[in-house]
1. What distance in nm separates the two pseudo spin-label positions at Phe192 and Lys676, each 7 Å out from Cα along the beta-carbon direction?
2. Given R₀ = 51 Å, what would the calculated FRET efficiency be for Leu554 paired with Phe458, taking r from the Cβ atoms and rounding to 0.05?
3. Count neighbours as other Cβ atoms within 10 Å of each site's Cβ, and list the GluC sites (Glu not before Pro) in segment 129-217 that are DSSP loop with at most 15 such neighbours.
4. Let a ≥ b ≥ c be the square roots of the eigenvalues of the Cα gyration tensor of segment 541-686; is it rounded (a/c under 1.5), or, if not, prolate (a/b larger than b/c) or oblate?
5. Want the number for Glu258 to Ser611: 0.36 nm per residue separation, take away the alpha-carbon distance, what's left?
6. In whole Hz, with x marking every Gly and Pro, tabulate ³J(HN,Hα) for segment 28-44 from phi via Karplus 6.51 cos²θ - 1.76 cosθ + 1.60, θ = phi - 60°.
7. Run the simple label-point estimate for Thr298 and Thr407 please: 7 Å along Cα→C-beta, distance reported in nm.
8. Apply 1/(1 + (r/R0)^6) to the Cβ-Cβ distance of Phe638 and Thr581, taking R0 = 51 Å, and write down the FRET efficiency to the nearest 0.05.
Amino acid sequence: MLKLNTFCLFLFLSFYGMAQSPLQPGFTLLENGDFEQAEAFFEGYLADDPKNKTALICYGRAVGLSGEPEKATGMFSELLKEYPGDFEIQINYNESFLWDKKFQQAEPLYAQLVKEYPENFGAVLGYANTLSNLKKYEKALEWVERALIIQPGNISAKTSRKYMRLGYANAYVNQQNYKKGETLLKEIFVDFPEDRDALLNLANLYLITKETEKAKSTYKRLSTSKKDSITALNGIALAEHIGENDKQALVIATTAKEKAIELGDETIKEQTYDRYVQALIWNRKYKKAKEEIAVLETHYNNRNWIYALKAMFGLYTGSPKKSVENYNAILKNDSTSFDGNLGKANALFAADRIIPAYNAAFGTLKVFKDQKDALGFIDKLNISFTPTIEEHLAYTFDNGKNVAFSTNTIATVPLSTKLSTNLSYNYRTTENTITNNKASSHVLSAGFDYKLFPKTTFKAVLGLNKSSFGSESYSQPVIDTKLLLQPFKLQNLELGYKREIQSFNADLIEREIVMNHFGLNYNLGTNFNLGWYTQAIHTTQSDNNTRNLLFTSLYYNVMRKPALKVGVNYQYLSFAEQVPTIYFSPEKYQAVELFADLRGDISVKTKYMMSAATGLQQVEKDPNTVIFRAETGITHEFSKRFSGNLYGKYSNIASATAAGFEFTEIGLKLKWLMTKKPLFYKKIAK
């Protein structure tokens with residue numbers, strides 16, 4: 001987009017290059033951009049020579065460019081009545097609409113002018129710039145090329161073409177046509193080699209496409225001065241973060257900070273401190289980041305970038321409500337802030353306020369049409385609330401010669417952001433190849449999830465289990481209820497009751513053992529990568545037996561990408577009655593194990609996971625035995641709406657005999673999004 005003052009200067013040079021000497025001081029003021037002084041000069045001159053057309057035009061220009069474009073339009077309009085068809089007055093009249101950003105009104109005026117004066121450079125360039133401001137970049141570039149045919153090499157036209165290409169490239173980037181955007185940006189270098197604006201936009205494009213090596217190389221090209229070298233380092237630090245090298249990002253951001261302090265440029269210093277604190281947060285150095293923000297806040301009060309840092313800190317440390325407050329502060333200062341609008345949407349989502357999050361994202365798109373991150377955020381929300389069908393197929397076998405096949409189909413239909421319904425069907429058939437006992441079970445259930453408050457959800461499932469063995473069968477109700485909540489920051493608590501039928505093998509199905517589980521799951525996270533998970537379950541059974549289970553895990557997140565977690569698990573199990581010939585039911589069972597869990601990306605659409613645990617277990621007072629568990633899986637997204645997961649797992653935990661117990665499962669999970677968007681999307685879309 002053309003800077004209007006540059007165009008004004010061009011007109012001045014074109015029309016008044018052979019200026020009369022009495023007006024020369026005023027021309028000089030206009031040329032230097034001293035518009036208020038120019039206005040005073042020409043106003044004084046017109047007091048003595050009120051009919052001087054050149055002085056009147058220059059006075060109108062000075063008035064318009066000093067902040068009163070509407071007044072200037074009126075002045076030129078009056079001049080046209082006195083001098084109808086005068087080209088110099090007409091082109092200044094047209095341009096006054098550009099000063100007032102009334103580009104739509106200017107377009108037909110320039111269109112008419114270029115019809116009448118197709119070879120006039122000023123008219124043609126003015127029309128091109130008007131089209132550019134209307135974001136009609138393709139047509140604008142055609143007209144600026146015509147201007148350059150009239151005056152080859154004209155710097156004003158080349159400058160116009162540069163800003164048109166910048167705007168056109170940005171439009172293509174917003175449409176995710178990155179190759180076309182890249183081409184347009186590179187074309188700028190023909191007129192302006194190593195142009196700063198083009199390099200910055202090109203580097204930003206590479207950051208968006210995650211071509212971090214290209215981004216870093218482009219930023220290095222920018223480093224032609226002390227000031228720009230710091231800007232480049234700030235960009236390279238961000239590229240390192242996007243490339244998942246946060247430690248290096250902090251090293252570079254620290255170097256940039258030291259250079260910015262030496263330079264003393266206030267704007268660069270603020271940008272650099274901003275990136276430095278971001279790098280601290282990326283590296284989970286929260287104590288240092290908090291201290292830095294507190295110091296910066298005393299020097300830069302009520303600055304949007306300070307509020308953005310505080311909001312970012314809140315999101316990383318599990319305080320989304322505080323983040324919302326800080327994004328609101330940004331929007332109070334600037335309602336069109338991209339960081340404020342989309343940042344608020346993310347913070348509201350983290351605070352589990354879904355409808356306000358949607359509204360904030362829609363608001364972002366009103367200001368930034370087709371913005372990729374905002375569209376991606378809405379897609380993420382939509383996927384969470386789109387009706388789905390999930391299928392789980394599994395084949396299991398153990399060293400007790402039990403084999404089983406199961407299939408579980410679940411249809412989930414969210415009716416709103418608060419209420420979701422589900423229907424499921426589970427079929428399991430099992431056989432013991434030694435005793436030839438066979439049994440099967442069918443479970444049909446329906447349920448709902450209802451969000452009582454943000455971060456507080458109640459889930460309920462009610463169904464019927466029909467089990468068959470030989471020529472006999474029975475039916476039993478099944479119930480599963482849960483209350484999920486987050487009582488405090490970084491804490492998750494689940495309270496539940498579940499009624500189910502024992503269906504592990506044919507012998508147990510035949511015995512019609514009903515289990516009533518009363519459970520508690522609790523997870524405590526921290527801001528220093530340590531976590532603690534505990535599960536406690538008390539079970540009463542229809543055979544008058546009871547069971548108590550305690551499982552606790554202390555874990556540490558070693559890495560984030562790929563996600564590596566290691567830790568130690570402890571399990572305690574106790575049955576009131578021991579019936580070892582029917583099922584594993586020790587009076588006392590304990591196990592301690594070390595585990596590792598690794599999850600990452602093979603490609604953009606393919607993910608993997610693998611976990612393993614090993615340790616010792618003791619049944620009653622028997623000698624300790626070694627236990628081992630392992631699981632691995634791969635998930636692939638075949639399309640935006642269809643994905644699959646293939647997995648396998650093995651375990652020899654809970655050894656009740658010297659021979660031990662081994663259990664293996666191979667499974668396939670499929671997930672399909674039934675619709676493109678949530679059923680309620682049209683009601684909330686704005």
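The values are calculated or read from the model by the stated rules, or taken from the named source; none is laboratory data. What you see is a predicted model; the values in this text were computed from it and never measured. With ideal geometry, Cβ positions are generated from the backbone for all residues, glycine too; neighbour counts draw on all protein chains shown. Note: areas computed on protein heavy atoms with side chains; ligands, DNA, RNA excluded. Shrake-Rupley method; radii C 1.70, N 1.55, O 1.52, S 1.80 Å.
1. 4.0 nm
2. On the way: r = 30 Å, r/R0 = 0.58.
Calculated value: 0.95.
3. Passing sites in segment 129-217 are Glu194.
4. Details: a/c = 2.47, a/b = 1.83, b/c = 1.35.
It is prolate, given that a/c is not under 1.5 and a/b is the larger ratio.
5. Values: separation 353, 0.36 × 353 = 127.08 nm, distance 4.31 nm.
Going from the current span to full extension adds 122.8 nm.
6. Karplus-based 3J(HN,Hα) across segment 28-44 equals 5, 4, 4, 4, 7, x, 8, 6, 5, 5, 5, 4, 5, 4, 6, 5, x Hz.
7. Roughly 6.9 nm, to one decimal.
8. Details: r = 47 Å, r/R0 = 0.93.
Using R0 = 51 Å, I get an efficiency of 0.60.
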